[in-house]
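The values are calculated or read from the model by the stated rules, or taken from the named source; none is laboratory data. Small disclaimer: the values here were computed from a predicted structure and weren't measured. Using ideal geometry, Cβ is built from the backbone for each residue, glycine included, and neighbour counts are taken over all protein chains shown. Please note that ligands, DNA and RNA were not included when accessible areas were found on the heavy atoms of the full protein model with its side chains. Shrake-Rupley method; radii C 1.70, N 1.55, O 1.52, S 1.80 Å.
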Amino acid sequence: MTYITDAKVVSHRRVAAGCRRLVLAAPDIAQAVKPGQFLHVRCDGGTRAGHPRGAPTSVGRIGLGWVGSADPLLRRPLSVHDADRERGTVTILYRVVGRGTGLLAEKRTGERVNVLGPLGRGFEPPGHPRQSGHPCQPGHPRQWVGHRRVAIVGGGLGVVPLFFLARELSVGVPPGIQPANAGTPGHSGVPRRAVAVFQGARTAAELDVVDFSILPVDLFTATDDGSRGHAGSVVELFLDTVCHEPVDWVSAAGPPGMLRALAGALETLGLSGEFSLEERMGCGIGACVCCSCRIGTPERWEYRRVCADGPVFPAREVVWE
Amino acid sequence: MKTKTAVDIAGLKLKNPVLTASGTVGFGEEYAPYLDLSGLGALVVKTITLKPRAGNPPPRITETPAGVINAVGLQNPGVEALVADILPRLARFGVPVIVSIAGETAGEYARLAGRLDGVPGIAALEVNISCPNVKAGGIAFGTEPAMTAEVVRRVRENTALPVIAKLSPNVTDIRTIALAAAGAGADALSLINTLSAMVIDVERRRPLLGNVFGGLSGPAVRPVAVRAVWQVYRAVALPLIGMGGIMTARDALEFILAGARAVAVGTANLVNPGAAAAVAAGLEQYLAEQGIGDINELVGAAHRTGG
Ligand SMILES: Cc1cc2nc3c(=O)[nH]c(=O)nc-3n(C[C@H](O)[C@H](O)[C@H](O)COP(=O)(O)OP(=O)(O)OC[C@H]3O[C@@H](n4cnc5c(N)ncnc54)[C@H](O)[C@@H]3O)c2cc1C
Ligand SMILES: Cc1cc2nc3c(=O)[nH]c(=O)nc-3n(C[C@H](O)[C@H](O)[C@H](O)COP(=O)(O)O)c2cc1C
Ligand code: FES
């Protein structure tokens with residue numbers, strides 16, 4: 001189920017230079033959303049125009065009547081960073097890059113933002129508690145079925161949707177469980193948590209935008225400038241680490257260069273996984289085919305819609321330009 | 001007071017004058033959660049070609065003040081998929097379906113028209129001779145009167161369905177193209193398709209869209225589209241379907257007053273999936289408020305009151 005709603009701004013804070021965290025009251029979306037899904041956000045003037053039923057009519061303000069600003073016209077796709085099903089809120093975290101996000105950054109607490117969502121197909125790591133038929137309800141004790149160890153790999157702001165995934169996968173899982181592969185040759189033998197997060201960024205300051213250390217996960221960090229964690233790429237760190245602490249699955253998001261390198265690493269390791277992709281969007285609901293990306297094999301691929309067929313696709317099916 | 005919103009386009013009876021513009025709602029299904037399709041005058045589906053088309057490389061859409069520029073390149077599953085899978089699924093929505101067609105040669109248009117003739121669930125054909133993203137020999141069919149006439153005539157010969165020619169604004173004088181289409185047997189005209197446009201990515205110092213050029217639509221083009229409807233209304237006696245930047249019922253009224261008997265909502269659907277229904281509801285309310293018994297009284301009314 002997807003919803004279109006004027007969501008009230010519960011809080012809106014700067015989290016780092018140029019990055020903001022926006023908490024919206026949207027109970028229906030909060031209930032429905034899964035990690036990896038996104039919202040299509042009207043950044044300006046959208047509140048009244050966004051109503052499918054239209055605004056009150058009178059001469060001079062007819063039908064949709066007042067559309068607010070027609071610039072920017074299109075909604076902006078932004079991943080769900082977290083959801084609080086109990087409170088009925090969804091959080092997005094974004095970088096101010098252009099006109100849309102610039103206007104969004106001006107929204108104050110109590111104002112409304114028109115959002116459409118949740119949209120897209122999210123992450124589906126095998127062995128996810130959700131797939132065992134276990135209800136994902138607040139306060140419900142989770143059972144970790146499958147005992148698989150999932151690696152979550154993110155670069156830059158690609159980690160935004162991964163936080164939600166990491167939280168859903170790790171909360172309720174007993175700390176220090178032995179993953180199914182413990183004891184297999186090469187494993188360090190140290191009890192490890194079920195979720196390993198590999199977070200890469202340019203600098204330590206950029207790492208701080210999303211703090212995975214508050215979650216019960218094993219966290220590995222890398223920075224390009226070496227200001228924290230491994231100095232170098234997160235894919236290098238991932239490769240070095242999983243060689244002696246195997247994982248069963250990789251869920252990843254980040255800049256295309258990083259994902260491409262990671263795709264190579266997965267192939268080397270014979271590992272499966274899934275990547276979240278980005279493309280410019282029109283409708284966000286699968287109708288306009290503006291958001292196409294190449295899915296298949298290098299020899300035989302077809303355009304698929306990031307908004308409706310993705311944004312998460314099987315890693316080995318992404319065809320890089 | 002009871003108002004009449006039904007309109008007749010070349011024998012095609014529509015419960016209200018609001019359509020969806022081709023390419024902006026796909027084949028309609030994705031919009032069903034947000035938009036009561038049965039409340040539309042008609043659903044114009046995405047342009048279909050004989051063979052499936054992959055379309056242009058991404059990025060396919062970008063923005064400009066008050067407009068969007070798309071370069072989808074007519075990605076579609078081909079006419080056989082339309083007939084076998086899509087049309088049967090559309091039947092349940094209870095909305096007249098207008099199928100938009102395009103080809104690379106006049107012969108392809110003719111074959112498409114023939115293939116769709118007699119297929120249940122089609123109310124009319126819209127002949128897309130105006131897509132700026134696909135071209136035969138470098139130009140769109142609809143930018144040249146002789147080619148326009150050739151395509152429309154071949155479609156006309158191959159179908160009993162009402163034929164609506166969709167015109168391009170990328171021409172010196174849209175009236176000459178409209179006259180050519182009318183002379184070749186078109187029953188109605190849709191105007192306008194998108195304006196050829198481009199955006200340059202200043203950071204990367206190169207064209208932004210994968211296809212370099214795209215088609216501009218949205219509020220930015222509305223005055224151009226209203227002008228085109230006004231001009232063609234004076235030149236040609238065919239029913240007109242006006243479109244270009246309609247976001248509100250007020251915008252739709254501009255087109256109707258300029259001479260459009262029906263209107264299509266395009267880009268607004270991307271912004272607000274309920275837009276077309278809101279435009280239809282707004283028109284109805286306007287008629288009631290103004291004490292106008294029949295929307296047809298407004299068609300071309302701006303010509304009669306000066307200008
Ligand atoms: C599925 C998905 C999830 C995303 N999640 C996040 C997130 O959680 N946090 C975040 O900061 N950013 C995210 N992005 C990128 C975000 O959508 C863009 O940064 C944003 O649209 C820029 O808008 P703007 O108006 O500020 O920039 P402008 O450059 O003014 O935008 C112009 C146009 O380009 C599009 N555009 C620009 N950059 C991108 C991009 N990287 N991807 C797709 N379209 C783009 C805009 O939507 C708009 O249509 C996501 C993108 C996608 C596709
Ligand atoms: C994303 C997109 C795709 C389109 N695809 C088609 C198409 O396949 N066939 C067609 O005849 N017109 C197509 N159009 C043009 C619209 O049908 C319409 O003529 C134009 O956008 C002007 O109306 P608007 O400003 O309300 O969108 C497309 C427009 C957009 C924005
Ligand atoms: S944005 Fe319209 S199909 Fe994806």
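Quick notes
- Prolate/oblate/rounded call for the protein assembly as shown, Cα gyration tensor, a/c under 1.5 rounded: prolate
- Across chain B, C-alpha contacts under 8 Å between residues 6 or more apart give a mean separation that, scaled by the residue count, equals a relative contact order of 21 percent.
- Of the residues making up the stretch A:275-292, those losing 40 Å² or more of accessible area when the isolated chain is joined by the remaining protein chains, with a 1.4 Å probe, are A:ARG280, A:ILE285, A:ALA287, A:CYS288, A:VAL289, A:CYS290.
- Positive-end residue, the stretch A:237-294 charge dipole about Cα centroid, Cβ charges, pick of A:PHE238, A:GLY286, A:GLY270: A:GLY286
- The stretch B:158-306 shape via C-alpha gyration tensor axes, a/c threshold 1.5: oblate
- Net charge of the neighbourhood of A:ASP225, taken over other residues with C-beta under 15 Å away and scored Lys/Arg +1, Asp/Glu -1, is -2.
- Modelled FRET efficiency - R0 51 Å, A:VAL171 with B:GLU203, Cβ distances, 0.05 increments: 0.80
- Cα gyration tensor category, rounded, prolate or oblate, for chain B with a/c compared to 1.5: rounded
- Sequence of B:GLU150, A:GLU86, B:GLU108 from largest to smallest accessible area, 1.4 Å probe: A:GLU86, B:GLU150, B:GLU108
- Charges were assigned to the Cβ only: +1 to each Lys and Arg, -1 to each Asp and Glu. The resulting dipole of the protein assembly as shown about its Cα centre is roughly 860 debye.
- Loop GluC sites (Glu not before Pro), the stretch A:245-304, which have at most 14 other Cβ atoms in a 10 Å radius of their Cβ (DSSP): A:GLU299
- Under 18 Å from the Cα of A:LYS8 - aspartates and glutamates, other chains or at least 8 residues apart: A:ASP28, A:ASP44, A:ASP82, A:ASP84, A:GLU86, A:GLU106, A:GLU111
- Taking trypsin sites (Lys or Arg not before Pro) across the stretch B:106-186, the ones in a DSSP loop with at most 13 further Cβ atoms lying within 10 angstrom of their Cβ are B:LYS135.
- Partner chain coverage, peptide B:280-287 - average Cβ within 10 angstrom: 4
- Centroid-to-centroid separation of the stretch B:288-307 and the stretch B:217-273 [C-alpha atoms, Å]: 15 Å
- Cross-link pairs exceeding 29 Å between alpha carbons, from the set B:LYS4/B:LYS166; B:LYS2/B:LYS46; B:LYS13/B:LYS166; A:LYS34/B:LYS15: B:LYS2/B:LYS46; A:LYS34/B:LYS15.
- Stretchable slack from B:ARG227 to B:ARG89, in nm (0.36 nm times residue separation minus alpha-carbon distance): 45.9 nm
- Charge dipole (Cα centre; +1 on Lys/Arg Cβ, -1 on Asp/Glu Cβ; no other charges) of the stretch B:1-44 amounts to roughly 340 debye.
- Think of chain B as having a plus end and a minus end, set by charges on the Cβ of Lys, Arg, Asp and Glu; of B:ASN16, B:GLY274, B:VAL79, B:VAL79 sits farthest toward the positive end of this dipole.
- Estimated distance in nm for a label pair at B:GLU297 and B:ALA54, the labels positioned 7 Å out from Cα along Cα-to-Cβ: 5.6 nm
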